[in-house]
Amino acid sequence: MTSRVLLCDLCVILLCGLTLILAEEKTNSSPLPDDGPKGNCSCGGFPSSTIDPGSQPILSQTPGLVVKCDDEGASTCKSLCNALATATKAKGPEVLCNRLKNAKELKLSAFYQICDHAWTFADMTADEPLCCEESKVKTCPSMEKANSTDTIDAKTVM
């Protein structure tokens, strides 16, 4: 019982100490200068690496990252969107087919958008096309052809 009381007392002391340290850091830090306008970073998937102005993504997400509305913010947003696209490669086809229901030879390209700027290609396109039929992932005809190999008779090789 005594060790529990001591442990709880230690927790309270650590918690109070941490609170004081954080409060001191907050009062010592000077306010940040205004770095200009800021806005949300959004990631989107389009069916092509080139899009028309005003086009809307097939799939989009706004991860909650606020960035500067400049080149630095664009670079940060692009990196985040590429990381998200890479991380979702395993489950991405199922999610897309569930949402799209039907798709033929879709090669999704990653785009990012900051503030009120236009969507910008993030230099990433799917390696393989996606085909969906009734919300289920199917092997695309182009991949069936690419994966088929001619059978070679061993007698003709020798």
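A short reminder: the numbers here are calculations on the coordinates, not readings from a lab. These numbers were taken from a predicted model, which means no experiment stands behind them. Cβ: placed from backbone, ideal geometry, glycine included. Neighbour counts: every protein chain shown.
Under the 0.36 nm per residue contour assumption, what length would be gained going from the current alpha-carbon distance of Ser135 and Ser55 to full extension? Using 0.36 nm per residue and subtracting the Cα-Cα distance, I get 26.4 nm. Within the shell of other residues whose beta carbon sits under 12 angstrom from the beta carbon of Cys97, the net charge comes to +3, with Lys and Arg scored +1 and Asp and Glu -1. Placing R0 at 22 angstrom, the Cβ-Cβ distance between Ser48 and Asp127 gives a FRET efficiency of 0.90 after rounding to 0.05. Which entries of Lys38/Lys136; Lys38/Lys104; Lys89/Lys145; Lys38/Lys89 have Cα-Cα distances beyond 28 Å here? Exceeds cut-off: Lys38/Lys136; Lys38/Lys104; Lys38/Lys89.
Ranked by how many other Cβ atoms sit within 10 Å of their own Cβ, fewest first, the residues Phe121, Phe111 fall in the order Phe121, Phe111. When Met143, Met124 are arranged by Cβ crowding within 10 Å, least crowded first, meaning fewest neighbours, the order is Met143, Met124.
Shown in residue order for the stretch 81-90 are the 3J(HN,Hα) couplings computed by the Karplus curve 6.51 cos²θ - 1.76 cosθ + 1.60 at θ = phi - 60°: 5, 5, 5, 5, 4, 5, 5, 9, 4, 5 Hz (x for Gly and Pro).
Placing a label point 7 Å from the Cα of Asp116 along the Cα-to-Cβ direction, the residues of the stretch 57-90 whose backbone N falls under 18 Å from that point are 67-71, 74.
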